[in-house]
2 protein chains.
Amino acid sequence: MQGVVTGNMMDTPLLIIDLLDYARQQFPEQEIVSRRIEGDIHRYGYQDCWHRSCQLAHVLDQLDVRQGDCVASLAWNTYRHMELYYAVSGVGAVLHTVNPRLFSEQIQYVIEHAEDTYVFVDLSFVPLLEQIQDQLPQVRGYIILTDEAHMPSTSLPHVLCYESLLQDKPNAYTWPRLDENQASSICYTSGTTGNPKGVLYSQRAMVLHAQATVSKHLLDLDTDSVLLPMVAMYHASAWGAPYAAPLAGCKLVLPGSGMDGASMWELIRDEAVNVGLGVPTIWLTLHNYLSEQGITDVPLARVCVGGAASPLGMVKTYAERYQVYWQPIWGMTETGPLATSLPPTPAIMALPKDERYELQTTAGKAAFGVQMEIFDGNDEPVAHDGEQTGELRVRGPWICSRYFKNDDLSSFPNGWLATGDIAVIDKHGHMRVVDRKKDVIKSGGEWISSLEIENIVSAHDGVNECAVIGVKHEKWDERPLLLVVLNKGTQADADDILAHLQGKIAKWWTPDAVVFVDELPKTGTGKVRKNELRDKWFHFLQQ
Amino acid sequence: MQGVVTGNMMDTPLLIIDLLDYARQQFPEQEIVSRRIEGDIHRYGYQDCWHRSCQLAHVLDQLDVRQGDCVASLAWNTYRHMELYYAVSGVGAVLHTVNPRLFSEQIQYVIEHAEDTYVFVDLSFVPLLEQIQDQLPQVRGYIILTDEAHMPSTSLPHVLCYESLLQDKPNAYTWPRLDENQASSICYTSGTTGNPKGVLYSQRAMVLHAQATVSKHLLDLDTDSVLLPMVAMYHASAWGAPYAAPLAGCKLVLPGSGMDGASMWELIRDEAVNVGLGVPTIWLTLHNYLSEQGITDVPLARVCVGGAASPLGMVKTYAERYQVYWQPIWGMTETGPLATSLPPTPAIMALPKDERYELQTTAGKAAFGVQMEIFDGNDEPVAHDGEQTGELRVRGPWICSRYFKNDDLSSFPNGWLATGDIAVIDKHGHMRVVDRKKDVIKSGGEWISSLEIENIVSAHDGVNECAVIGVKHEKWDERPLLLVVLNKGTQADADDILAHLQGKIAKWWTPDAVVFVDELPKTGTGKVRKNELRDKWFHFLQQ
Ligand SMILES: Nc1ncnc2c1ncn2[C@@H]1O[C@H](COP(=O)(O)O)[C@@H](O)[C@H]1O
């Protein structure tokens, strides 16, 4: 042959709508169960979801939403939000899942920045929009995600009712065959400084991510799985659950706004949920609720936990008290979000318990498609020896290559995404985040891993949760301070806690002080606000 | 936004070499076991396979193989062939897996047509090349897949020894980041008339196909699988097993040239094979061997069977005698090849036996990514009602869009591949091939499904295998003739066999005659040569 030749395979794009099309053909009756904002439980099958997504596509046409237009959602995890996921991306528009936990100026900023044409909004978030409605001139209308009977009275202009719009639409639709690299959705991630930055996903990225998610490398989902995403559909697409579930044909349980222990448990029990998805705090909330109620017998087989490091204490509690496998995952809004995990393979389950628990506090291994490396300060990759730390960088078809309408490429050196996580990789490929770059404690020029200390403290019987932060120190520049929330009714003093650390970390890593607090401040997605803690406690050791 | 926007995801290609890269990182010690042409059993891990593929890439550089060049293999299923799969496609060249079962003029034709630069050949096929060596001027050299000690004396020009070439090469290689649509490999499919036609696969197609293959929709492979592909690596890439196995991290057992019952059983027993891949004839061969030996206790959990319809008799025998699930699959060289299957999900296994066996004689359901429709004579899709037949057409990212260097697009109407199979699809998506278009029997203007009759006859206790063909009839134009091979030591006459059909098919479908034969002629890939049978028996009813 003469030079490079293209294969003779069909040029068939990887499209999000095909995931739902597959499910409605293969698993028409498989259920999507939602706790509605209106209060009741709603259930229907993938076929119904397909039909209503088709109706919604007709609505979008009627509203003159065009390919490439952004359409916002401000919504909890429900079937209606799921319909938006498919219909908006399906017609070639871009679904902007707005995080209602942002400050109202930020919400205004992201809606403007994405140039959202319409906002689909849950009843609970109407007041939030009313506050900023005057600053959103480009929004052509607000669609309230409810039926006529539940429509609120509101000052919002151009208000429409979701169910009324859908009502008379045909339940079939001719979906366009889009380019697979076309943008499908956008999610903004808010740092501690500056404006939120948009991650613009593509059709291809979301389909490949869904395939990786259902595979044995990541969540290992199938028709027998009953999946409860306790991570919000407004945050990194609920870790892709709305795309993965139809592909796996699993039952999907959507918690609506019920993020408390009682609501969560009700769904888990009534729907026989066997796989949960959420940040560690969610599983701490569930554990606290179950402990109060004296419940230990749960249908869960696994909780898949990411968004923050997995504390050893929780890994153990879930294993020993509930017979639930705590499956760590790592990812970020910029990575699809799922990139690594540690599924309970027979080999993992055959390990001695303590070895297994220890592994479960890592982030697991990269899925096929994701490349990971650790880089030192000179931009050189370091060995995968479980010892050398550096910044984690990742690469792959569902990894962000730049922020939306943003020329700052500093997070994207040489075709990698620099994650801002400090990590190690061992020789088997297990990755462990030892700190966020911005949370790193530098004592006398040397690093101390706050996550490692937290991990050990979390396994102390009396500890409910904890955080380690770096605070000002005259001599060492920074020293670690340990903040602890005790279990209800437990007594422990600083010495008990520090004794528990002895022999498990280098002596000079030992926190200079322990402070007992009632709770730790959290972000809307359940992560500890370390910057807030640092602001508050920064001069503690100097007082 | 203004018009269509491309997502901000990394433009990372899907490349074949990354499958092996993944395996050598994640499952370095997982074994590839081969029966060598030299006679012994060879075993090594994915890491070794990676290192030797790197060495082979250096050899290809040394031989001045360039991107887009075709490189031929004439080889059995062994680790060396596997190395060719990765190294040749990895450097951006195109691996042409030549089918040694073709007539020698056809072999000469395909090597010329693909413009192969080098031929890598197993010891067994050297004589075959010697016959045509004078007609292959563009071939620059022949590399014999063996070591110095086993080099044959041969009249082939420019002969090199595989192991000697690899010996001193570095075991790391910088693989180029290719375009994912670049051609990776080519396989020729031979019809009954005309020259063989080339299917030119791409990197992307093979990676997406591998992901589908390991998924629960198709072969459901993981680290506990021990996979024995009894389908040749020279025929439709051994159904993609060399790509899927590293992705799944499963143990791969390669049978070399040992396609007989005894060799097969030896590997299954010694390596604890739990998943087999092959055409029905292979499993008939194994069954005949096991019956002779009185063996019923086998490590196999599943045999995955495609290339021809699954006969009810075999489905039952494997279930009841061996406790092995017969997993039907459908595909063709033009479709990657895998497109549909029926994995043993809990739902399938919970069905009443007879219902399940019946389903196992269909071809199962389409994997995510593959679209299927049945078209009538007017090019209109017919309903999925399990009744209406028509030509099966398929579409998807690993489906052929045209033949290589061939302007005849008659098999590719409107962006579909017309498969030449007559099929039905039921409302749950189960597809059943009722005949090859060219094998269809037309009696008095109406179709008779030869496969359906064969299916029922195969379940008769005395029947080893059978075939139904259409033969000339004065009044009805064609009528069905049934050819039967009885089990050894069994006696049965035509009336017994026809009685078994009674009530199970329409009366007018009953074959006009039954002929007992010693064997059925097969193609190199184990399919019954119906055209040969027709030639021989065409005038039987007129005599
Ligand atoms: N499960 C199946 N049932 C019936 N025929 C099959 C099946 N799988 C493959 N085939 C036949 O094999 C052909 C492909 O042959 P090949 O390209 O040589 O692999 C298909 O077009 C079908 O006619």
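Only the coordinates and a few stated rules stand behind these numbers; no lab work does. What you are looking at is a predicted structure, and each value in this text was computed from that prediction instead of being measured. Glycine gets a Cβ as well: all are built from the backbone with ideal geometry, and neighbour counts include every protein chain shown.
Details
- Cubic angstrom per residue, convex hull over Cα atoms of chain B: 177
- P(r) histogram, all alpha-carbon pairs of the range B:303-364 included - 10 Å bins from 0, percent: 24, 55, 19, 2
- The residue list A:Gly445, A:Leu486, A:Leu541 was ranked by how far each Cα lies along the charge dipole of the range A:443-543 toward its positive end, using unit charges on Cβ atoms, and A:Gly445 comes out on top.
- Simple point charges give the picture: +1 on the Cβ of Lys and Arg, -1 on the Cβ of Asp and Glu, and for the protein assembly as shown a dipole about the Cα centre of about 20 debye.
- Chain A, helix-only ellipticity at 222 nm - DSSP H runs n ≥ 4, -39,500 (n - 2.57), divided by all residues, nearest 500: -8500 deg cm²/dmol
- Neighbour-count order for B:Thr362, B:Thr510, fewest beta carbons within 10 angstrom listed first: B:Thr510, B:Thr362
- Per residue, the convex hull spanned by the Cα atoms of the range B:443-543 measures out at 105 cubic angstrom.
- Convex hull volume per residue, computed on the Cα atoms of the protein assembly as shown, equals 189 Å³.
- Antiparallel bridges, percent of DSSP beta bridges restricted to chain A (to nearest 5): 55
- Overall dimensions of the range A:330-455 as given by Cα atoms, namely Rg and Dmax in Å: 15.2, 50
- What separates the A:Glu474 label point from its copies, with the point 7 Å along Cα to Cβ, is 12.1 nm, written shortest first.
- Proximal lysines relative to A:Lys427, as straight alpha-carbon distance under 17 Å, when same-chain residues fewer than 8 apart are discounted: A:Lys365
- Loop trypsin sites (Lys or Arg not before Pro), the range B:441-475, which have at most 11 other Cβ atoms in a 10 Å radius of their Cβ (DSSP): B:Lys475
- All other residues whose Cβ lies under 14 angstrom from that of B:Lys530 are scored, Lys and Arg at +1 and Asp and Glu at -1, for a net of 0.
- Projecting the Cα positions of A:Val94, A:Cys250, A:Gly331 onto the charge dipole of chain A (unit charges on Cβ atoms of Lys, Arg, Asp and Glu, taken about the Cα centre) puts A:Gly331 furthest along the positive direction.
- Where chain B is rotated onto chain A, the residue of B whose Cβ comes nearest the axis, and that gap in whole Å, is B:Gln211, 3.
- The range B:261-337 versus the range B:32-108: alpha-carbon centroid distance in Å: 27
- Inter-part distance where the range B:181-228 and the range B:489-525 are each reduced to a Cα centre, Å: 35
- Neighbour counts of other Cβ atoms within 10 Å put A:Val199, A:Val139, B:Val4 in the fewest-to-most order B:Val4, A:Val139, A:Val199.
- Every Cα-Cα pair of the range B:76-169 was included, and the share exceeding 19 Å stands at 39 percent.
- Residue pairs, from the table B:Lys353/B:Lys507; A:Lys472/A:Lys530; A:Lys442/A:Lys507; B:Lys475/B:Lys507, whose Cα atoms sit over 21 Å apart: B:Lys353/B:Lys507
- Per-residue mean of C-beta atoms belonging to partner chains within 10 Å, peptide A:26-39: 1
- Trypsin sites (Lys or Arg not before Pro) restricted to DSSP loop in the range B:332-437 with at most 16 other C-beta within 10 Å: B:Lys405, B:Lys427
- When exposed loop sites are taken as GluC sites (Glu not before Pro) in a DSSP loop with at most 12 other Cβ atoms within 10 Å, the longest stretch of chain B clear of them is B:30-386.
- Chymotrypsin sites (Phe, Trp or Tyr not before Pro) within the range B:30-117: DSSP coil, no more than 10 neighbouring Cβ in 10 Å: B:Phe103
- Its alpha carbons considered, the range B:17-278 gives a radius of gyration followed by a Dmax of 17.1, 49 Å.
- Neighbour-count ranking [beta-carbon atoms within 10 angstrom, fewest first] of A:Leu227, A:Leu218: A:Leu227, A:Leu218
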